[in-house]
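Structure, as structure tokens:
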Amino acid sequence: NIDIFNTLTKDLKDHPDREQELKSLQTKLHELSQQQLQSMTSKGILEQRIKDCDELETKAKEKTSAIMVFQEEKSIYDELIVAFGKSGVQALIIESSIPSLQDDTNELLAKLTANQMSITLETQRERKTKQGEPIETLEIKIGDDLGTRSYDTFSGGESFRVNFSLRIALSKLLARRAGAPLPILFIDEGFGTQDSTGRERLLEAIKSIESEFEKIFVITHIEDLKEAFPVRIEVTKNENGSSYVVV
């Protein structure tokens, strides 16, 4: 070993440029070591990024699957919105109910007006622009000897007859749909808007439907109508409150 060292030492003395070359190589080695360290650091960072990308890809696939599920659910809800919206099931129910509601109303209204009035129920009307789908609505068109007019153009007495007929018809319709009896009918006032002929016809209409109800209660303040009903509950108000008697 000593001989080798001596040989190398002598060789360095004989070739001084080798020492400079060695220093240069050592410097280069140090630089390469630094580059290797940086490369290893960069490699670790890139490997972590690849791992993060893999995790993100997995999450993206999960989110995509979840989105597809939500889209399917949304399509179901969209269909339900249409089905239960104003143009869906309820519109079909109304459309199917209108004919019987209209017929029952007109049957009773004919008795109240000596066949002088009838109604038509319209569920659609055109837009003013004449473009697009018709507007969903429910309009009551009333016909009499002067023609067909809007509900709000009739007098209070005439409107009451239409209201009375419509409410009775609607009650019958709801009872039929519920599959339940309609045992009791309450009629609260309304007679005051009628002339004597109108009152007589209204009483006749009540008589004509009394077989369809177990009880019909008519509430009125008109004394002349008392004798028209076989059983009365007369309510009297005094300073101590109200009292009643069944006659």
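The values are calculated or read from the model by the stated rules, or taken from the named source; none is laboratory data. Note that the coordinates shown come from a computational prediction; the quantities given were computed from them, not determined experimentally. When we count neighbours, we look across all protein chains shown, and the Cβ atoms used for this are built from the backbone with ideal geometry, even at glycine. All accessible areas refer to the heavy atoms of the entire protein, side chains included, with ligands and DNA or RNA removed. Shrake-Rupley method; radii C 1.70, N 1.55, O 1.52, S 1.80 Å.
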Result of the Cβ filter at 7 Å on segment 88-106, keeping first residues that are within 14 Å of residue 122 (Cβ to Cβ) and surrounded by 14 or more Cβ atoms within 10 Å (Cβ to Cβ) and partners that are at pLDDT below 75 and not aliphatic (A, V, I, L, M), at least 6 apart or interchain, is 91/136
Consider residue 149 carefully, then state whether it is in a helix (DSSP H, G or I), among the charged types (D, E, K, R) and open to solvent by less than 80 Å² (accessible area, probe 1.4 Å). no
Looking at the structure I just gave you, is residue 63 under 23 Å from residue 198 (Cα atoms) and either touching a residue at least 60 places away in the same chain (Cβ under 8 Å) or out of contact with any Ser or Thr (no Cβ under 7 Å at 6 or more places or on another chain) (or both)? no
Segment 107-128, subset out of contact with any Gly (no Cβ under 8 Å at 6 or more places or on another chain) and among the hydroxyl-bearing types (Ser, Thr, Tyr), residue surrounded by the most Cβ atoms within 10 Å (Cβ to Cβ): 113
Just wondering, is there one or more residues in segment 80-91 that are aromatic (Phe, Trp, Tyr) and out of contact with any helix residue (DSSP H, G or I) (no Cβ under 8 Å at 6 or more places or on another chain)? no
The one condition in (1) within 38 Å of the chain's Cα centre (by Cα); (2) loosely packed, with under 12 Cβ neighbours inside 10 Å that residue 187 fails to fulfil: (2)
Consider segment 192-234. How many of its residues are assigned to a strand (DSSP E or B) and either small (Gly, Ala, Ser) or touching a residue at least 60 places away in the same chain (Cβ under 8 Å) (or both)? 0
Quickly run through segment 141-194 and pick out the residues that are among the charged types (D, E, K, R) and either over 21 Å from residue 90 (Cα atoms) or at pLDDT 85 or above (or both). 141, 144, 145, 149, 152, 158, 161, 167, 188, 189
Residue 148 vs. criteria over 27 Å from the mean Cα position of the chain (by Cα) and under 25 Å from residue 203 (Cα atoms): no
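Criterion first (in contact with a Lys or Arg (Cβ under 8 Å, 6 or more places away or on another chain), hydrophobic (A, V, I, L, M, F, W, C) and at pLDDT 85 or above) does residue 235 satisfy it?
Taking the combined requirement at face value, the residue does not satisfy it.
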